[in-house]
Every structure is written in structure tokens, then in C-alpha cells.
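Since the structure comes first, as C-alpha cells, the remarks are kept for the end.
Throughout, read-outs are computed from the coordinates displayed, never taken from laboratory work. None of the values given here were measured: they were computed from a predicted structure. A quick note on method: Cβ atoms are made from the backbone with ideal geometry, for glycine too, and the neighbour counts reach across all protein chains shown.
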Amino acid sequence: MSDRPSSGFPRAVVVVAIALPVALGVGVAGIAMTAPPAEEAADEYDGQGQRRTGPLPLSAVPAPDADSAECAALLEELPEETVSAGHTLTLRELMEPAPAGAMAWGNADHDPVVVRCGLGAPADLTPTSELVEVSGVQWLEMPGEGLTTWAAVDRPVGVALTVPDDTGSGPIQDVSEAIAAVLERVDVEVG
């Protein structure tokens, strides 16, 4: 008796051809049952693949005055939460080693809003730059791809606020109020 079925293929090939798709189907079903729904998983990540929850990794940038008394006072004055386009954003823990003079807010549904203190004057600041005043603070708007960085240019230490494009005005208002409360106004100096 031959071990070939009537089709002419060896029995082992037929068994593997049937068993392999079944095994793959069971494996995929098991993964699907344990994985979060796709929309939930997507909400935990921002547009750059960074997690929206847990410690936020921030790279160090040149900030010669980040350890100053002015930056310490500003970070202390900033609120625990801010509202952005109707969403409440809470303080985010920063991944160690966290850069000095930095703070962030966010939630699982919103990319982080980041403030940095102690920076130098922005290179984009020129004598003809258009500034925007918010709560008595002069800001330079520097649009980027998917986000905007605002630089406060009339204080003794540089402050930058980076927000996703879909952010409302809440964060810049809150940061402006904190800046106005603890940092004296100085003349805008173009580098």
C-alpha cells in the first residue's frame, strides 16, 4: 500500500499543508485576544512613535541657565495640569536622565506639550521678527512639522514651549501667566 493519497502528493505534505494554516490561525487568534484594540494601542503613541504614557524621553539641548534660580522658580510656578483643545493634560514624568529646566504635560490621547527653561536667544529672532504677546509675555512663533515652538524673548532666561499643531491656547496662556508671575520683563535682545 502506498503512503501517497490519490492526488499523488506524499501524505506528510498533505498533513503539513492542512496543519500549518490551522496552527497559524490559532496563533493569530491567540495574539488578537491578548492584544489591545488597534485604536487603543494607536492612542498610546504620538506621531513620532513615542509613547504618550509613562516616562517621556526628552533629549538634552543647550540650556546654559537651566539650573538657575529663575528656572527653578518658573518650574515651581507652572501648573500641575493644563487644558489643550478641551483635553486636560497632566504633568508627565520625564525619563532619566531628565534634562534640567524641562517639564511636560500630556495624556494618552494627546501628544506632549513641553516647556524648557534656560535656553539662549533663538536664532530665528531678528530685528523684524513679529512677536505675539500673551498675558504680558512676548513670544516668537517658530512653526515646525506637526508642531510649533514658542520662545519667550523678553525675560532674563530663555523659555520655549513646544506644542503639537492641534493644541489649543491653554498651554501658552498658562505658561505665560507663570512667566509673568516669577520672571521680570527685560528688553528683547536680538542676537
Once both label points are put 7 Å beyond Cα along the C-beta direction, the Ala72-Thr53 separation in nm becomes 3.5
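Give the relative contact order (percent, whole number) for the range 41-191; include only Cα pairs under 8 Å separated by 6+ residues. Write down the numbers at each step before the final one.
Values: 306 pairs, mean separation 37.0, N = 151.
Relative CO of the range 41-191 lands at 25 percent.
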Taking a ≥ b ≥ c as the square roots of the Cα gyration tensor eigenvalues, with a/c under 1.5 meaning rounded and otherwise prolate when a/b beats b/c or oblate if not, the range 77-171 comes out prolate
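Using 0.36 nm per residue of separation minus the Cα-Cα distance, give me the extension gain between Asp109 and Val186 in nm, one decimal.
That works out to 24.0 nm of additional length.
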